[in-house]
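What follows is a set of notes on a single structure, which appears directly below.
The values are calculated or read from the model by the stated rules, or taken from the named source; none is laboratory data. All figures in this text were calculated on a predicted structure; none of them were measured in a lab. Cβ: placed from backbone, ideal geometry, glycine included. Neighbour counts: every protein chain shown. The area values use the complete protein model at the heavy-atom level, side chains included, leaving out ligands, DNA and RNA. Shrake-Rupley method; radii C 1.70, N 1.55, O 1.52, S 1.80 Å.
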Amino acid sequence: MLQLLIICIFCVASMAIIPFFDEKRAKIVATSSIIITSIFTSFIALRVLTTGTITLILSGNSIFGQIPLQVDPLSAWFILVINFTYITGALYGISYLEPYKKFTNKITFHSILLVLLHASLIAVCVVQNSLLFLIFWELMAVSAFLLVIFEHEKAATLKAGINFLIQSHISIILLTFAFI
């Protein structure tokens, strides 16, 4: 499970260095980060599916308390599905974003959000602390919203993004009530 902490640090480092590259290299760094993260988390997930649940408890602080990280067979399955979908999407995205190459800032922001969304999706599957779960869920929702409205100049895209944001926050409210 120490690998998950290393993966978290790796994702944060990837997001931190992406702004220092041009649009082409930013896409490559983001895609490489996603592939590397997917490979490592998939190995963990496959190990869980063959040997059983893995748990790591972080000491936390007075706000969060102890932070259990756990990969059980169900979360392992979700991690594998997320990773497969993300690798194929990231590889497709390299070519898909070619028409936008003149918008370097947009591509850079998109690349950072792509890594953030992948990391938050994995975190939602692994974290066993209610408050942190809601924080990662919110990170997931906001980064997905910002990715959805990539072409925010189009009214239909903005409408779809706002629709998604409203639905995801209704889910967050329902999750919060369920935790309470």
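When 120, 130 are checked against the criterion of being within 20 Å of residue 13 (Cα to Cα), among the hydroxyl-bearing types (Ser, Thr, Tyr) and touching a residue at least 12 places away in the same chain (Cβ under 8 Å), a single residue qualifies: 120. Assessment of segment 78-85 against the conditions (out of contact with any strand residue (DSSP E or B) (no Cβ under 7 Å at 6 or more places or on another chain), of a type outside the set (Val, Ile, Thr), open to solvent by less than 80 Å² (accessible area, probe 1.4 Å) and at pLDDT 95 or above) yields at least one matching residue.
Give segment 35-56 a look and list any residue that's open to solvent by 30 Å² or more (accessible area, probe 1.4 Å), part of a helix (DSSP H, G or I) and of a type outside the set (Phe, Trp, Tyr), or say none. Even if it seems obvious, please write down each step before you answer.
Keep residues of segment 35-56 that are open to solvent by 30 Å² or more (accessible area, probe 1.4 Å), which gives 35-36, 39-40, 43, 46-47, 49-51, 53, 55-56.
Narrowing the set further to residues that are part of a helix (DSSP H, G or I) leaves 35-36, 39-40, 43, 46-47, 49-51.
Within segment 35-56, 35, 36, 39, 46, 47, 49, 50, 51 qualify.
Here is a yes/no grid of residues against (1) free of Cβ contacts under 8 Å to residues at least 60 places away in the same chain; (2) open to solvent by less than 60 Å² (accessible area, probe 1.4 Å); (3) hydrophobic (A, V, I, L, M, F, W, C):
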{"site": "15", "(1), (2), (3)": "no, yes, yes"}
{"site": "33", "(1), (2), (3)": "no, yes, no"}
{"site": "59", "(1), (2), (3)": "yes, no, no"}
{"site": "69", "(1), (2), (3)": "no, yes, yes"}
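State whether the residues of segment 92-113 include one that is touching a Cys at 6+ places or on another chain (Cβ under 7 Å) and within 20 Å of residue 137 (Cα to Cα). Checked segment 92-113: no residue is touching a Cys at 6+ places or on another chain (Cβ under 7 Å) and within 20 Å of residue 137 (Cα to Cα).
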